[in-house]
Amino acid sequence: MHDEDAEDAFDEGAFGEVTGNGRDFTDVDAELLEEELRQAAAVLDPVPDDLRQIAVEAFALRDLDARIAELTFDSLTDAIPVRGAADPPRMLTFRAGDVTVDVEVSAQGLIGQVLPPQPARIEVLGGPQQAAALTADDMGRFTGDPPPAGPFALRLRAGRDVVVTEWLRA
């Protein structure tokens, strides 16, 4: 086929819509194909039971009414390193609307404050394991054990507000 013939065939729609058995590929066909592919994947490459359980538990950690607190400061990326400091604590600031959470993460544990100062209940989320519960006093201050070695997030409940931080590693 010459280049001119290929251009003519393309212009005439030879490479147009995907067809099957001489008919147009419709949404119904796409849904049937998707269902057949799901069934084939379930048989040929099933999701491992432990992965399915982790997914279910991760979904259970969501909170539909929670606001996501944005990480606005991280000393790992935003601070100037201090010479001679061996294993300095990691300083984090999260913000969701008018609520700010400052957290210092070190090998000794978590130290933090909720601003504006207010009592709050804070959960250290670490995946499917039980969340560690912390309490912020009237000044918004809280302390706790070191976070899990893997990814973690904080869920703050102050009054009717629920704020969840981004997931990160200590």
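The values are calculated or read from the model by the stated rules, or taken from the named source; none is laboratory data. Bear in mind that the values here come from a model prediction, so they are computed numbers and not experimental data. FYI the Cβ positions are ideal-geometry reconstructions off the backbone, even for glycines, and counts take in every protein chain you see. Keep in mind that these areas ignore ligands, DNA and RNA; they rest on the heavy atoms of the full protein, side chains included. Shrake-Rupley method; radii C 1.70, N 1.55, O 1.52, S 1.80 Å.
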Completion exercise
Given a Förster distance of 45 Å, the FRET efficiency implied by the Cβ-Cβ spacing of LEU76 and ASP27, rounded to the nearest 0.05, works out to 0.40
Handout entry: Packing rank of 131-141, 42-52, where each peptide gets the mean count of other beta carbons within 10 Å, highest leading
Key = 131-141, 42-52
Practice task
Give the residues of the range 130-149 whose amide nitrogen is closer than 11 Å to a point set 7 Å from the Cα of ILE111 in the direction of its Cβ.
Solution key: 142-144
Problem - Peptides 71-78, 27-34 ordered by average Cβ neighbours within 10 Å, highest first - result: 71-78, 27-34
Problem - Distance in nm between pseudo-label sites at LEU37 and ALA86 (7 Å out along the Cβ direction from Cα) - result: 5.5 nm
Problem - Relative contact order (%) - criterion: Cα under 8 Å, at least six apart; region: the range 101-170 - result: 31 percent
Exercise for the section: Calculate, for the range 125-170, the solvent-accessible area per residue in square angstrom, rolling a 1.4 angstrom probe over the heavy atoms of the protein chains. Expected result: 56 Å²
